[in-house]
Structure formats: structure tokens, C-alpha cells
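To keep things clear, I will list the structure first and then write my remarks on it.
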Amino acid sequence: MNMRRMLFIVIPLLFILNNAAAFFVFQSGRTVQQSYNMMLDRVLLYKQIDEKTHENLRAINVHIMDRTPSSLKALEKQRNELKALQASLSAQQPIASVELAVRSYRHMLATFISQEKSVMDALGSRTPLAYASFYAEAEATAGFMKEEAYQLIDQELSYYQPFYRKILVQTEIMNRWGIAVFAANTVISLVFAYWISLRITKPIRGLVRTAEQISEGNLEAVPPRMGAHDEFRTLTEAFQQMQENLKLLIQKEKEGLEKDRIVKELELAVLQNQINPHFLFNSLNVLSKLALIEGAEKTSDLTVSLSNLLRYNLRQLDRPVPLRDEVEHAKEYFIIQQARFRERIRFETDIEEEGLDVLVPVLTLQPILENVFVHAIEGMEEGAVIKLAVRCKPDETWVSISDNGAGMTEEVRNSLLHYDEEPPMDRDGKSGHSTGLGTRNVFKRLELFYDRKDLVRIESAPGAGTTVILRLPGRGKEENHVSPIDRG
Amino acid sequence: MSNRKWSFGLIAVVFIFGYVLVRFFASTTQVDDLIHRMELNVAAAPPAKHIVLIAQELDNPFWRELELGADEAADKLGMKIDYMGPIRIDPSEQSRLLEKAIAAKPDGILVQGVGTADYDRLIGKAIDQGIPVLTVDADEPESRRLAYVGTDNREAGKRMGELVAGSRGSGRIGVIIGSEHADNQRQRLEGFKSFVSKVPGYQIVDVRSSNISRIGAAKQAEAMLRQHGEIGMIVGFSALDAGGILEGIKAAGKEGVRVYGFDDLEATWKGIAAGDIEASVVQQPREIGAQAVRLLDQWFRGEQLPARQFISTSILDRKPMQSGGTSP
């Protein structure tokens, strides 16, 4: 039952109940009163007739004495009043036990009225004392009537007496139960009222408590359980639904954040994945010394180069370096590669010294060179040329790395340039890890570092070699206006 | 608090309320019922004929018997008896009651004859107003009453004479009568005298009036015995006399005086059982009352009434101790 319907039923019900109880108490009181009146009316009527009869006698007397029209008028008036009483007496239904007495009384009254008339007729006649005997008779009848009236009243009362005693007892009982009805009614009303208010306030209190808990941050707060199918249940269910939605939203948000964090961590890991442990680096120093002692100078130099390379690689990644260092590092790297490829490769540099002071992220050139060695040069038997050029342009420094190797397809070129996307698989099934993961990394870091996207250009075609051009904003000694510290 | 507890609580409260309500309604309906019953008696009022019966004395057993007989007959014939009478025997009150009854214009009046001119006049007045008047127990022959219903008092007196004559012992008789004016007493005495005078050896020595009172009877009996020591039996002609006579005899210190009484009052009846009273002539008041009502009914149906309707008497003595004597 919903709340509104319940209130709609219970409140009028209580109202009707209250009124009905009051009405019945009132009604039964009235019935008792009516019965009292019924008897009293009768008794009063007998008494009244008796009194009126005597007033009539007195009026006759007065008229006999003075015989004036005014006293006659008064007598007429009295007579009419008596006749009116006679009419109401005959209209009355007497109770059975006094029926005879009432009949007698009625007849006596009729007798009296006729005797009265005889008196008045006699008064009008010529015989002077003709009225006397009639008057005596009327007087006697009035006397009988008085007697009869008292007897009648007595009989009526003794007839009613047992009834009234019983009625009094019953009325007493009735009154007591009437009070009990009122008391019970009050109790029931109070209980109902309390119950209804509880039914309304309890769920509200529960909801408020839950809402407070949620606003304090406890999303797990359990909303109150509603037994009945009413508005509060709907409200609670809606509340619960909202809570669930909120939880889901927060969960999603958390997941998003977590994903971002993992991506960052991954990036970092990737950026550091070339870092080699320290001991390797120390071992290389030992190797270099050993080679020198044993007279293998070339090996020693190579080892030193490798060591330098490693040392450079272990630098802090978030600290930018001058392009000069990068170029030096590239040369070092080349020397090591040359130890492997020997005469097959040639390294050419064409560097404008002014451009070497521009700041770049560390390890910008090496991964590109690595890519060249791995993909472009590896298959060539001889005559492979790798060229590193630095050109100063207005506001920019261009760095280009070109080879005369295998070149790349348009597809590979695009995948390199769109370094934000997942790298596709290579045709030969090798994972993208070697296919320019370092290169992409470089491109991405350049973008992050300069906050620009158009810094990289690749010119290549299969069999025609590849040229990677990096456009580095800023020239030579000019200090970069963005603090590198702020760079993520 | 759990829902179930609430439900139980509410149901309990509702039940208590219902119980209280039911009790309240029960008492209400009881009151209603009482009032209804009171009013029901009002509605039922078939117009029965109103018959006034004026007794000699209100609580006299003889008259009560008569009323009972009249009542029983009236019930069957659609009449109602309005019984009234003086508290102590008082002929003037009887007249007054008759006058009052006439003023109330009943359908019929049953009276005891009193034997006064005033009474005759009142009966005439009632007849003039169309109210039938019958005399019971004692007649009012001078009046215009329609009929007399009662004992043939002359005959009853004769029966008393037969009783007395049948006994042995002194034939000197003392007589106590209720009233010298009352017709029934006089007739009884006449009947008695007419019988006794024919029987040799029996003689009425003295006649006195008890004024229809037991004390009066006792006094008269005592005085009689003191005056006439030779009296061998005393006869009482009204119902209270026999008991009074016994007292009088005791007071006079006499023994062996035989007593005869009238009717069967308790004192008489006990006296007969104890052997102090020889016998009693018993009237049938119940039958008188019933017969009077029957006659009134005949009158209402337009039939002529016999001037006199006698009701037989019986003899109550020690031998059979049963009523039902035959009428002569």
C-alpha cells in the first residue's frame, strides 16, 4: 500500500470512528431522555388537567358572583384551555395497565365539561338558583378528578418504576462503557498516529543517515531496507541506483588514471631500457686497462669507446644536453659499429659548428643511427655511407642523418612518423621492438620536449636510402626559452 | 521496532476497542429494549369494556374471591374489571365511589346493595346515563338496578334453620347479624326465623347487630350471653361473625354453646376443624362475580335479564370437610 492511500484510508477511518463513538453515546443518552420525557409528559398532563379543572371551577365561581362580561370571558378562556387539554389527553396512547384509569379520567373530564356547560346554561335561564345543583355536581366531579389524577400518576409511576430502575442500572453500565469507548478510541488514535508518523519518519531518517555517510565519502553506506511497497521504497531504490552509478563512475575514473599511470611508467621503462648495469661498465674499464697492458691498443680504445657510450647512455634522461655532446656520442657509437663492420661502412660528417650549442634531449641521435645500422646497412657488402649533417637555418637547426642503404617502404615510413600509434608487425614477423622502437621514442621525446609535432621528416624509398631530418627549434648558443626541468 | 510487533500491537488494540465497542452497544441495545418494551405496552390497548366493581370492603376475602371470579369471566368476554371499595366498611364511601364511577362513565357497574335512598338515587342516575348497574351479594330492590346476582339470602337463612334444627341440645338461639339495614342480612334472618318458628322446641331469644366487625360480634355475643344465660347456640349471619362469637363466648366464660356461621373465612374454617364451630353456610362469591359479568355481557348483547339470579350455597361442617352442597 502506498503512503498516500494509507493516509487517505487511516485518517478518515479514525475520524469516522471517533465521530461514530461520540454519536452513539449521544444517541443512547437521548433515547433515555426521551423515555423520561414520555412519562413526564403524561404525568404533567394529568396534573395540568386537574389544575385547569379547578381553575375552571374558580372562574365559574367568580362569574356567579359578579356576572360581568369580563368574568364570562375569562371563564370562556378557561373552558377553551380545558378543551385543548382534553384534546391532547384523547390524543395520548395510554399504557395498558392504566388504560381503564385513563379512560375514566377522560370520561370524568367530559362529564365535567358538560356539567360546566349546564351551569352556564342555567345561569342564563330565568330560574334564579337553577345552577346550584349543577355547580355542586361539577364540584364533586372536580373532586373525583383530583383523586383520579393522583391515582393515575401513582399508577403510572409504579408501572414505570421497575423499568426506570433497570434503565438507570443499564444507563450506568452504558456510561461506563461509553467512557471506555472514548478511552480506547483515544489510545487507538494515538497508536495509529504514532505508527503512521513512524512509517514516514523512519525511512526518511534512514535515508538521511545514508546520505550523510555518502556525503562524508563513504560510498559503501548501505541504504535502509524498505519492507513495504511504498514511495519510500521507490525513493530508496532510486537512491541505491544513484549510489551504484556513482561507484561505477568513480571506478571508471580510477581505472583511467591507473591506465595513464601505467602508460607513463611503461614509457619510462622503455626510455630506460637501454641502461646497462654499472658492473658492466666497470668491467669494461678493467677490460680496457687489460687490453692496454697486453698491448692491444685498438681493443683498449674500443673498450673505452664502449665505456663512454655506456656512460652516456646512463645519463639522466630528463636532462637535455647540447647537440655537441650528441654528435660526439654519435661518433663514439659509430666507432664501435665500425669495429664490427670495418671497411664496409664509412661515416661522414658535415657539421656547422654554430648549430652545436642547441639543447636537445639526451640520446636523440644514437637510436636513429642504431636503426640505420640494423635496417639499412646490415645487408650491404660494401660502400655503405652514413652521413650526419648539422645545418643552421634561421631560428632552427637542422640535423639530418642519411644513408644509402635499403631504404624503406611508404608503409614503414608512415608507421615511423605516426609514432603515437601502436607499431605494426613487420612483414618478416619480427616484432616492432627492433623496428624503430628507439626511433619512435626519439620522435616522441622531441615532441614532448619542444611541444611541437612537425619536427621530423623522413625521405626514403626502397633501395634509394633514407634521410631523417630533425628540425630543432633555436639556434646555436641561444638559450632555449623553455626550462627543461618542466619537461615531463 | 519491527513491523510484526507493530502489527500485533495494532491488532490487539483494535480487538480491545472492538470488545469495548461491543459491550457499549450491548448496553445501548438493552436500554433501547427496555424503552421499547415500555412503549410496546402503550400500543397494545384493545378497547375492553370497562366494568366498575365496588366492594363492601377492599381487602375482604369474600370480595376478593368475587373479584377473582369476575376477572376470570371478564377476561373471556373482553371486559376489564376496575375493582374498588372502602378500606374499612363504610356505606357512605361506597356511595361516593359509586358517584365517582358514574362520573367516569364506565360500561357497567357492579355494586353491593347498601339499602339507602341516596344509593337508590345514584343507581337511578347511572341507569339514566345508560350505564347498566347490577347488584351483587346484597340486593337493592327499591332501586332501578337491572338485576341481582348472589345468594338467595332467604333460602340461605332457611338452610341455616335446618342446620340448627338438626342439632340436639337447648333450643334457645341467639342471633348476630352484620347489619340491620343490609338487605341480605335481613333476608337471612327472615328465612331463618320462618323456618325456626315452625320447629317446636326452638326459639330465637335475642338478635343483635355486629356492625360487620369481628370485635362487634365478640362484644354482642358476650353481652347476649350475660343477659340470657340459657342460650344454647349462637348463629352468625355475616362472614366475620362466627370468629367473633367464639371470642365472645370465651370472654363470657361459657362452655357448650354451639356456634353456626356464614361463609368460610379462615377463622371459621379452623373453628369447624377444631370442633368449636358446628357448621357454616358457605356462599360462592367467585361464581357470583362470574355470573354478574356474564349477565352484563348478555345485557350488552341486548338480551333481557332476570331480575334475580341466585347462586347456590353449600354447608361446611366437620364430617366431609368438603364443599359442594346442593341447592334446595
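A compact table of results
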item: When each of A:52/B:80; A:52/A:77; B:49/B:105; B:250/B:270 is checked by Cα-Cα distance, pairs over 18 Å; result: A:52/B:80
item: Cβ-based net charge around residue B:192, under 12 Å, with every Lys or Arg adding one and every Asp or Glu removing one; result: +4
item: Dipole magnitude of the protein assembly as shown, debye to nearest 20 (Cβ charges: Lys/Arg +1, Asp/Glu -1, about Cα centre); result: 3180
item: The range B:153-282 - percent of accessible surface contributed by carbon and sulfur, probe 1.4 Å; result: 47
item: Part-to-part distance (alpha-carbon centres) for the range A:69-145 and the range A:213-242, which is given in Å; result: 92
item: Loop-exposed GluC sites (Glu not before Pro) per DSSP, neighbour cap 15 Cβ within 10 angstrom, longest uninterrupted part of chain B; result: B:1-141
item: Selection of trypsin sites (Lys or Arg not before Pro), the range B:256-320, meeting DSSP coil and at most 15 other Cβ within 10 Å; result: B:301, B:318
item: Per residue value of the accessible surface for the protein assembly as shown (all protein chains in place, 1.4 Å probe), Å²; result: 52
item: Furthest towards positive pole of dipole, B:252, B:268, B:216, structure part the range B:153-282, Cβ charges; result: B:252
item: Beta bridges by DSSP in chain B, antiparallel share as percent, to the nearest 5; result: 10
item: Cα gyration tensor shape of the range B:153-282, rounded if a/c is under 1.5, else prolate or oblate by comparing a/b with b/c; result: rounded
item: Estimated FRET transfer efficiency (residue A:205, residue B:29; beta-carbon r; R0 60 Å; 0.05); result: 0.80
item: DSSP-loop trypsin sites (Lys or Arg not before Pro) across the range B:118-182, with at most 16 other Cβ within 10 angstrom; result: B:144, B:168
item: Shape category assigned to the range B:51-142 from the gyration tensor of Cα positions, a/c cut at 1.5; result: oblate
item: Percentage relative contact order, chain A, counting C-alpha pairs under 8 Å, at least six apart; result: 10
item: GluC sites (Glu not before Pro) restricted to DSSP loop in the range A:285-355 with at most 16 other C-beta within 10 Å; result: A:352
item: For the protein assembly as shown, share of DSSP beta bridges that run antiparallel, in % to the nearest 5; result: 40
item: Local electrostatic count at residue B:26 - Lys and Arg +1, Asp and Glu -1, tallied over other residues with Cβ under 11 Å; result: -1
item: Placed amide H near residue B:147: partners under 5 Å, 5+ positions off or other chain; result: B:135
item: Two-site FRET efficiency, residue A:269 against residue A:238, from Cβ-Cβ distance with R₀ of 41 Å, rounded to 0.05; result: 0.35
item: Residues whose placed amide H lies under 5 Å from that of residue B:53, excluding near-sequence neighbours; result: B:82, B:83, B:84, B:110
item: Accessible carbon and sulfur surface of chain A relative to its total accessible area, %, 1.4 Å; result: 58
item: Candidates B:56, B:298, B:94: whichever shows maximal mean-square fluctuation once chain B is modelled as a Gaussian network with Cα springs under 10 Å; result: B:298
item: Threshold 20 Å² - residues in the range A:104-151 whose accessible area is reduced by that much or more when the chain is no longer isolated, probe 1.4 Å; result: A:104, A:107, A:108, A:111, A:137, A:144, A:147
item: Positive minus negative residues near residue B:248 (Lys, Arg vs Asp, Glu; Cβ under 11 Å); result: +3
item: Most mobile of B:126, B:12, B:117 in a GNM of chain B (Cα contacts under 10 Å); result: B:12
item: For the protein assembly as shown, average projected area of the Cα convex hull in nm²; result: 86.9
item: For chain B, built as a Gaussian network whose Cα springs stay under 10 Å, the top-fluctuating residue of B:224, B:38, B:84; result: B:38
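The values are calculated or read from the model by the stated rules, or taken from the named source; none is laboratory data. Values in this document were obtained by computation on a predicted structure and should not be read as measured data. Every residue, glycine among them, receives a Cβ derived from its backbone with ideal geometry; neighbour counts consider all protein chains shown. Quick note on the areas: whole protein, heavy atoms, side chains included, nothing else; ligands and nucleic acids left out. Shrake-Rupley method; radii C 1.70, N 1.55, O 1.52, S 1.80 Å.
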